[in-house]
Structure formats: C-alpha cells, structure tokens
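What follows is a set of notes on a single structure, which appears directly below.
Computed from the coordinates by the stated procedures, all read-outs in this text should not be read as laboratory data. Quantities reported herein were computed from a predicted structural model and do not represent experimental measurements. Note that we place each Cβ from the backbone using ideal geometry, even for glycine, and neighbour counts take in every protein chain shown.
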Amino acid sequence: MREERWSAYLDCVGELLSTPQVQAMKHIRHHPGVSCFEHSLFVSYVAFCLAEKWRGDPRAAARAGLLHDLYLHDPKCMPSYKQCFAHPVAALRNARVLCGSLSREEENGILAHMWPLSSRAPRSRVAAAVCLADKLCATAEVLGLWRRSALCRTACRPAPAFGGNAVKNG
Ligand SMILES: [Fe+2]
Ligand SMILES: [Fe+2]
C-alpha cells in the first residue's frame, strides 16, 4: 500500500476518524472478529480508491464509506432482515448530526449501500464506489483476508495515523 495514497486518504477523513461517534464503532461487532469501525475504515479506503479510478469524488467516497454503517446500535437489537433495511437510515441520521450537512452523493452513498437488497440504488460514482466497496470488504472480512492486509497493518499501527488511536477493537 502506497504511503502517499494513505496520507491523501487521511486528508479526507482525518477529522471524522477522531470523533467520538466514529470511535464508538470500535465497540460494535460487525462481522466475526471485525468491528464496525474496522469495516467502515476498510470500506472507506476502498471506496476512496475506486472513486479515484472512476474519476468520481474520492473525498466524498471516503466520507460516505466511513459513515455508511454509523448506525451506533447493537445490530442484534432487531431481527436481521429489519437491521438490513433500517441501519442505512440510522447511519444517515447519525452522519447528518455529526457533519451538519452532507452532499447528495454522500447521502445516497450511505442510504444505497445495501443495494440490490434494498430498493434505493446508487445514483453516482461515489455511491457506486461505496456500494461495491461494502461487498468486497465484507467478503474479505468473512474470508479472514482483512487481518492479513497491508491496509489493516497500516491502519492498526498506533500512531500517528489518527491522533494516536489504534484501530483495534475496544
Ligand atoms: Fe451496512
Ligand atoms: Fe457495511
């Protein structure tokens, strides 16, 4: 993984990464052995790279990717079919509170990330990048590839990535 790209990525989301809301995702389990924070960071970085490749807006893709699962509740508090459709709405609500305002691309990127399971479809390169990144990252996490990735090694180092906070759970 190129250091310059990682540093360009951090320029887009550095401030968001250190907020209590985003840090709170470290305490929510998303996939086995992977916190919601790790998953969101992974999706955010991959969406950033895809948007760069597709000549979309990498900053919007990185931000929407980081916030796409900011639902901030225990996913087991509701049946999984309900969680599947409800969590993007909760994530958007929390993202609006956190950021004040979001671009239309960022909002659609968060709301449509479950497509084609949900009926809301991605309507921009940013939203398509988040949607595809979510599937790719979830697959890599379930297969145990995230832990072995260069991104995980870079992101999990304690400093100075995001004000000294390591990515690991808890
Ligand atoms: Fe999600
Ligand atoms: Fe996700």
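At-a-glance table
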item: Residue match in the range 71-78 (condition: crowded, with 19+ Cβ neighbours inside 10 Å and closer than 21 Å to Thr154 by Cα); result: no
item: Which numbered condition Lys53 fails, given (1) free of Cβ contacts under 8 Å to residues at least 24 places away in the same chain; (2) over 16 Å from Cys131 (Cα atoms); (3) of a type outside the set (Asp, Glu); result: (2)
item: Selected residue (only one of Gly65, Gly100, Gly56 is surrounded by fewer than 16 Cβ atoms within 10 Å (Cβ to Cβ), out of contact with any Pro (no Cβ under 7 Å at 6 or more places or on another chain) and among the small types (Gly, Ala, Ser)); result: Gly100
item: Members of the range 100-118 that are among the polar types (S, T, N, Q) and more than 12 Å from ligand 1 (Cβ to nearest atom); result: Ser101, Ser103, Asn108
item: Candidates Leu41, Leu10, Leu50 - the one that is within 15 Å of ligand 1 (Cβ to nearest atom), within 23 Å of Arg125 (Cβ to Cβ) and of a type outside the set (D, E, K, R); result: Leu41
item: Odd one out for Phe85, checked against (1) aromatic (Phe, Trp, Tyr); (2) without any contact (Cβ under 8 Å) to a residue 12 or more places away in the chain; (3) touching a Ser or Thr at 6+ places or on another chain (Cβ under 9 Å); result: (2)
item: Hits in the range 119-140 - residues which are within 15 Å of ligand 1 (Cβ to nearest atom), charged (D, E, K, R) and either closer than 26 Å to Glu4 by Cβ or more than 16 Å from the chain's Cα centre (by Cα) (or both); result: Arg120, Asp134
item: Residue in the range 88-106 that is more than 23 Å from Glu15 (Cβ to Cβ) and among the small types (Gly, Ala, Ser) present; result: no
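For (1) within 19 Å of Glu38 (Cβ to Cβ); (2) within 11 Å of ligand 2 (Cβ to nearest atom); (3) free of Cβ contacts under 8 Å to residues at least 40 places away in the same chain; (4) of a type in the set (Gly, Ala, Ser), each residue gets a yes or a no:
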| residue | (1), (2), (3), (4) |
| --- | --- |
| Asp69 | yes, yes, no, no |
| Trp115 | no, no, yes, no |
| Arg120 | no, no, yes, no |
| Val130 | yes, yes, no, no |
| Ala140 | yes, no, no, yes |
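Yes/no per residue for (1) among the small types (Gly, Ala, Ser); (2) in contact with a His (Cβ under 9 Å, 6 or more places away or on another chain); (3) in a helix (DSSP H, G or I):
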| position | (1), (2), (3) |
| --- | --- |
| Ala95 | yes, yes, yes |
| Ser101 | yes, no, no |
| Trp115 | no, no, no |
| Pro122 | no, yes, no |
| Cys131 | no, yes, yes |
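So that you can scan it fast, the table gives a plain yes or no per residue for (1) closer than 22 Å to Glu3 by Cβ; (2) within 14 Å of ligand 1 (Cβ to nearest atom); (3) not in a helix (DSSP H, G or I):
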| site | (1), (2), (3) |
| --- | --- |
| Val22 | no, no, no |
| His30 | no, yes, yes |
| Arg59 | yes, no, no |
| Ala62 | yes, no, no |
| Gly65 | yes, yes, no |
| Asp69 | no, yes, yes |
| His73 | no, yes, yes |
| Phe85 | no, yes, no |
